[in-house]
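First the structure, in the form of structure tokens, and then the observations on it.
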Ligand SMILES: Nc1ncnc2c1ncn2[C@@H]1O[C@H](COP(=O)(O)OP(=O)(O)OP(=O)(O)O)[C@@H](O)[C@H]1O
Ligand SMILES: [Mg+2]
Ligand SMILES: [Zn+2]
């Protein structure tokens with residue numbers, strides 16, 4: 001296993017090199033769980049020209065995005081810039097006024113709700129900022145983790161509990177607390193439980209909307225480390241929305257900077273942060289440094 | 001009382017209910033909305049079952065009504081009286097003689113036949129309602145056959161009690177497609193629903209829903225491979241007829257803790273007692 005030190009300030013090596021990577025096939029990676037070969041060359045998710053208006057507000061304005069297998073992409077931008085809206089449109093929760101979203105060649109906007117829900121509970125995951133939106137608060141931790149397994153046909157109670165114990169351990173929750181309800185957990189634990197509940201079906205693509213949003217700074221750091229380790233081990237593709245430039249630097253291979261519904265800049269994380277081209281990105285980066 | 005149409009409801013109401021029943025039969029286990037009418041009985045007295053019975057009843061039918069397995073509770077007696085008065089049909093306490101059996105809480109012990117209809121009075125038709133209060137969401141779950149949540153409930157039962165503690169209204173899958181509440185019958189009765197030769201109709205008056213299980217349809221109780229469904233009964237023999245395989249009620253015999261177990265299905269029990277006496 002490639003155990004990584006949780007202290008390295010650099011993100012896991014990006015699977016893709018070069019600017020404007022959307023047009024270049026990413027280089028093959030030797031890294032484990034990363035899906036080398038052909039799979040790495042085909043984007044998992046592709047969106048083109050996404051536009052969505054709420055009255056006079058353009059929440060999305062001609063947004064293009066590609067996410068490759070095993071790649072972490074961060075979306076940063078000020079409040080109201082359209083980050084959550086983009087996640088919701090990409091995951092099929094919301095319809096854009098125009099544009100296309102395709103997942104492994106399937107038209108996400110055109111698929112039946114049944115097909116979309118099947119994706120949502122198997123190959124995709126969604127981690128919400130507020131754990132209450134992603135957990136069943138009246139159901140035990142084990143039941144929360146087991147739900148996706150049961151929804152996809154698992155019918156062996158003992159195996160479901162073994163899986164629940166395994167995933168609790170992976171997110172650093174004592175598995176003896178499996179039968180407790182999430183209300184008894186701290187905010188950070190609830191968020192880790194939400195992640196365990198999502199990862200139990202080994203999704204290919206996870207959408208995260210400000211997963212560290214409501215947490216104390218020290219708890220945020222621990223959660224980011226955990227997410228980073230899981231993503232590397234499992235070869236997950238992640239699209240993560242964050243206000244936090246440092247979090248983007250830690251986790252993401254690539255990042256998109258949004259403002260007023262427009263992607264004003266995108267590229268490899270280090271390039272965007274170290275050599276921002278767009279004035280808005282420059283402002284964003286300098287305000288963090290200040 | 002006079003001036004009623006046959007079986008109280010007017011013909012257009014009965015046609016509307018029959019259309020709902022036909023749709024329910026065509027989609028086994030699926031809840032079909034219907035325009036439930038005010039009945040001269042309060043909700044909780046089986047107004048859904050009564051409307052279904054009224055819609056399928058003909059002058060030649062023989063009606064049996066049971067409540068908790070018994071033919072002579074107030075509820076059963078008044079529903080029988082209602083149909084005798086409004087439809088003039090014959091009534092019976094014999095499961096064998098009945099063509100239509102309206103029931104609350106039990107399925108008769110004697111196996112039913114193709115020429116019989118079992119009408120259930122249903123208080124709460126939605127099996128997911130207690131887990132997911134949003135009606136639009138439960139509807140979507142049925143449409144997508146997205147029933148993981150029901151297994152979560154059973155999982156929680158085992159995690160808390162060591163076994164599935166649900167003993168009434170135990171959820172079933174009908175025809176491998178729709179999740180259905182069998183109404184508050186004991187889980188012990190669930191296996192009787194599977195491949196039953198009789199048509200089973202379910203009426204919920206307050207919730208305005210009708211659903212059905214056509215003859216010879218698969219009805220399976222939800223469970224886990226390593227915690228299989230078990231029809232539970234009190235581990236005793238009936239004090240009156242000696243039966244060891246019927247569902248028993250516990251009856252207190254005095255106020256110092258004396259108690260006996262007797263068949264909940266009074267018709268079945270008295271038949272067995274008669275056979276025993278004849279043999280002696
Ligand atoms: N359902 C809606 N109806 C009307 N306007 C909406 C709706 N959802 C979002 N908006 C508007 O669209 C714009 C983008 O919102 P969005 O929630 O995507 O921003 P965000 O980048 O996620 O912000 P934050 O960082 O505060 O979460 C905002 O101006 C918001 O007010
Ligand atoms: Mg947001
Ligand atoms: Zn008996």
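The values are calculated or read from the model by the stated rules, or taken from the named source; none is laboratory data. Since the model is a prediction, treat every value here as computed from it, not as a measurement. Cβ: placed from backbone, ideal geometry, glycine included. Neighbour counts: every protein chain shown.
Residue A:198 meets each of the listed conditions (1) free of Cβ contacts under 8 Å to residues at least 60 places away in the same chain; (2) outside the structural domain of residue A:93 (by TED's automatic domain parsing) apart from (1). The helices (runs of 4 or more DSSP H) located wholly in segment A:68-156 that include 1 or more residues which are within 16 Å of ligand 2 (Cβ to nearest atom) occupy A:83-90, A:131-134.
Would you check which residues across segment A:157-178 are assigned to a loop (DSSP other than H, G, I, E, B) and either buried (at least 20 other Cβ atoms within 10 Å of the Cβ) or at the interface with another protein chain (Cβ under 10 Å from one of its Cβ atoms) (or both) and list them? Write out each step before concluding.
In the first step, residues of segment A:157-178 are kept if they are assigned to a loop (DSSP other than H, G, I, E, B); the result is A:171-174, A:178.
The answer is A:171, A:173, A:178.
State whether one or more residues within segment A:48-60 are surrounded by fewer than 16 Cβ atoms within 10 Å (Cβ to Cβ), over 13 Å from the mean Cα position of the chain (by Cα), away from ligand 1 (no atom under 11 Å from the Cβ) and at negative phi.
If we filter segment A:48-60 for residues that are surrounded by fewer than 16 Cβ atoms within 10 Å (Cβ to Cβ), which is where we start, we get A:48-49, A:53-57.
Okay, now just the ones that are also over 13 Å from the mean Cα position of the chain (by Cα), so A:48-49, A:53-57.
Going one step further and asking which of them are away from ligand 1 (no atom under 11 Å from the Cβ), we end up with A:48-49.
Still in the list and also at negative phi: A:48.
Yes; the residues of segment A:48-60 include at least one that is surrounded by fewer than 16 Cβ atoms within 10 Å (Cβ to Cβ), over 13 Å from the mean Cα position of the chain (by Cα), away from ligand 1 (no atom under 11 Å from the Cβ) and at negative phi.
Scanning segment A:99-132 for residues that are closer than 19 Å to residue A:147 by Cα and within 14 Å of chain B (Cβ to nearest Cβ) turns up A:114, A:115, A:116, A:117, A:118, A:119, A:120, A:121, A:122. Before we move on, is residue B:218 closer than 26 Å to residue B:117 by Cβ and within 11 Å of ligand 3 (Cβ to nearest atom)? So residue B:218 fails the test. Here residue A:90 passes the criteria (1) more than 14 Å from the chain's Cα centre (by Cα); (2) away from chain B (no Cβ under 14 Å); (3) within 13 Å of ligand 1 (Cβ to nearest atom) except the one numbered (1).
For every residue, the table says whether it meets (1) within 16 Å of ligand 2 (Cβ to nearest atom); (2) modelled with pLDDT under 95; (3) within 14 Å of another protein chain (Cβ to nearest Cβ).
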residue	(1), (2), (3)
B:173	no, no, yes
B:176	no, no, yes
B:203	no, no, no
B:229	no, no, yes
B:232	no, yes, no
B:254	no, yes, no
B:257	no, yes, no
B:279	no, yes, no
